[in-house]
1. Would you mind listing how long the chain runs along its three principal axes, going by Cα atoms, in whole Å with the largest first?
2. Quick check: pseudo-label points 7 Å beyond the Cα along Cα→Cβ at LYS214 and GLU81, how many nm apart are they?
3. Specify which residue in the list LEU93, TYR315, THR136 is farthest towards the positive end of the charge dipole of the chain, using unit charges on the beta carbon of Lys, Arg (+1) and Asp, Glu (-1), about the Cα centre.
4. Which residues' amide hydrogens lie under 5 Å from the amide hydrogen of PHE199, considering only partners 5 or more residues apart or on another chain, with H built in the peptide plane?
5. Express as a percent, rounded to the nearest 5, the fraction of DSSP beta bridges in the chain (both residues included) that run antiparallel.
6. Compare the peptides 230-238, 242-250 by average per-residue count of other Cβ atoms within 10 angstrom and give them in order, highest first.
7. Net charge around LEU217, counting only other residues with Cβ within less than 15 Å of its Cβ (Lys, Arg = +1; Asp, Glu = -1)?
8. For the stretch 298-392, what relative contact order do you get, as a whole percent, if you take Cα pairs closer than 8 Å and at least 6 residues apart?
Amino acid sequence: MKVDVLLGMQWGDEGKGKIVDVLTPQYDIIARFQGGPNAGHTLEFNNIKHVLHTIPSGIFRPKAMNVIGSGVVVDPVILREEIESAMKLGADLHNNLLISKKAHLIMPSHRLLDKAYEEYKGASKIGSTQKGIGPTYTDRTARIGLRMGEIFSPNFVQKYNTTKAHHLKVMQGYNFTETNEEYEKQWFEAIEYLKAFNFIDSEIYVNKALNDGKSILAEGAQGSMLDVDYGSYPFVTSSNTLASGVCSGLGVAPSKIGKVYGIVKAYCTRVGSGPFPTELFDATGETLRRIGNEFGATTGRARRCGWLDLVALKYAVMLNGLTDIIITKADVLNDFDKLKVAVAYKINDKEVDYVPFEMNDEIEPVYVEFDGWKQDISKCQNEDDLPKPLKDYLKFIAKETGVKISYLSVGPDRVQTLKVNIE
Ligand code: GDP
Ligand code: IMO
Ligand code: MG
């Protein structure tokens, strides 16, 4: 068997959580491979709305096993809160959740460092979620990080203090004096709480599962344009959000990757700073935000909104080797008379059809206009029910990217999802 992959194709918040929950019945195992509690994945079913940050989005389907892979960074306080609230909804975390021993721990001082760096950057700040993601991945690369499996070591507190002392020195250099002793207390309590859950060598577990014929879906966090190597650097997150990140984050070989599903919001959003060529600063952007309820699932921040950007999308398709596109939030566009899609960028009066080295303010999008469908699609059940202007919009996306659209999401609930075949 192979690992199928599900990834965000834009700047995050494409609706990955919802779609993973919808696809989970087709899989034995759902595995997160990167990112951490900077993610906010929203699931809606049976009138429940639930946001997950670290736990894979398969957790509310009783038959699936959920793995927090070694490429993930974990804040024990946040994971504990997530476990407790998912258990209240009936999820069986003691049996259905497995945590990689190699996943790195986000320490309380990583959160402080995140804040210190952002404050120091001032106007050029990234707009980080300040969950300590960047500093934790930095320490992993610097080889001073703490891994989940070390919580069982008799030297754990000593190791913790060594790394913390390093952080304090760095913060002194920044004249950053804030502390978070209360959080640190909760952190150590959460570590004790988590010891009752299942810790595994996830790379061995995942490869054995594949050899045993089990099906696996890898759940991405963030989006391709936030990838640390190929996203809109430096306004990116600190992990590999692309399909390639599955290999390092789960310990599987490239030859073991199967389908690659790209989640594409029918328009674009971005939260935090950084370039966004199709961003709308007018009433249309405001309408997208209001109808799409575009406020961050993790930080509550208003998301920046704009038209679909095919230049950036084609780049993401190329980087990920997509086999299928899944379009979400098409219903948000129900009431628009006209829709626009960027097909090229104009830079210094020259038209380009690729993402340039610097994605800056000089980019002016070149748009193609589409008729809106002016109809409620949120109850559509199959492809034949879809209005023609929507089909034309979707066909254009499939044709331009060269990737078929295999699902369409028309509302936040599990049941508002159509299997389609649009090429
Ligand atoms: P993720 O980070 O990619 O999992 O996405 P988020 O959960 O952060 O943001 C997506 C938001 O859109 C959530 O509030 C979802 O409930 C909602 N959502 C997902 N799919 C659809 C859809 O097709 N239509 C509408 N209206 N909302 C959707
Ligand atoms: P999901 O999985 C949207 C953004 C932040 C910031 C930048 C760096 O829900 O799609 P970080 O905290 O990683 O240092 O922040 O990345 N960001 C996200 N934006 N969705 C996310 O996750 C994000 N995770 C990080 O807003 O601009
Ligand atoms: Mg999100």
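The values are calculated or read from the model by the stated rules, or taken from the named source; none is laboratory data. Note that the structure is a prediction, hence the values are computed from the model and not measured. Don't worry about glycine lacking a Cβ; one is built from the backbone with ideal geometry, like all the others, and counts go over all protein chains shown. Accessible surface areas use protein heavy atoms only, side chains included; no ligands, DNA or RNA. Shrake-Rupley method; radii C 1.70, N 1.55, O 1.52, S 1.80 Å.
1. Largest first, the chain extends 64, 49, 40 Å along its Cα principal axes.
2. Taking the two extended label points, one gets 3.0 nm.
3. The one lying farthest along the dipole's positive direction is LEU93.
4. ILE99
5. Roughly 40 percent of the beta bridges in the chain run antiparallel, per DSSP.
6. By packing density, highest mean first, the sequence is 242-250, 230-238.
7. +4
8. Value for the stretch 298-392: 29 percent.
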